[in-house]
Amino acid sequence: MGNSISHPGIIDSISGEMVRVRITQSSACSACKVASYCSSTESKEKLIDVKCSDASRFAVGQKVTVSTDTVNGTKAVILAFAIPAVLLMATIAGCICAGLPEAPAALIGIGVLVPYYLGIYFMNDTLTKELTFTISSEA
């Protein structure tokens with residue numbers, strides 16, 4: 001499965017066709033035997049909503065695998081990080097080239113991100129249809 005990204009998780013809740021899965025995202029060194037003695041280990045719990053037409057076959061507390069293809073992962077990274085970084089840098093560079101001091105240029109650059117992320121927020125329904133996850137039972 002080189003074309004997919006998958007994580008094991010546990011079903012947190014089921015509401016109609018929406019299954020909420022709790023996954024634990026951990027750094028590479030969190031599985032180390034001496035991880036409890038090291039300050040560099042980190043893990044975060046994330047909730048992922050998966051639309052599933054046959055949600056009735058799952059139960060709360062069941063172990064499952066949530067996956068998506070790498071194209072969706074790439075789109076998400078571009079939308080969340082690459083485009084905002086380009087907007088920020090281009091705005092700051094433009095402001096500095098226009099003769100603005102660095103501090104106001106940085107504030108304007110950050111200000112440009114506000115409408116971008118608001119746009120992303122309001123496009124949530126469209127993005128939810130485009131960036132999809134699948135869920136399967138762990139065997």
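The values are calculated or read from the model by the stated rules, or taken from the named source; none is laboratory data. In this text the structure is predicted, and so the values were computed from the model without any measurement. Here Cβ is always computed from backbone atoms with ideal geometry, including for glycine, and neighbour counts include all displayed protein chains. Areas reflect the complete protein model, heavy atoms only, side chains present, ligands, DNA and RNA absent. Shrake-Rupley method; radii C 1.70, N 1.55, O 1.52, S 1.80 Å.
For ILE5 and TYR116 in one chain, what is 0.36 nm times their gap in residues minus the Cα-Cα distance, to one decimal in nm?
Numbers: separation 111, 0.36 × 111 = 39.96 nm, distance 2.66 nm.
Value of the extension gain: 37.3 nm.
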For ALA76 and LEU127, extending 7 Å from Cα along the Cα-Cβ vector and measuring point to point gives, in nm, a value of 1.1
Taking a straight Cα-to-Cα line shorter than 19 Å from LYS63, and setting aside same-chain lysines fewer than 8 residues away, one finds LYS44, LYS46, LYS51
For GLU17, the accessible surface traced by a 1.4 Å probe with all protein chains present amounts, in square angstrom to the nearest 10, to 90
Heavy-atom accessible area of LEU118, protein chains in place, probe 1.4 angstrom, given in Å² to nearest 10, is 90
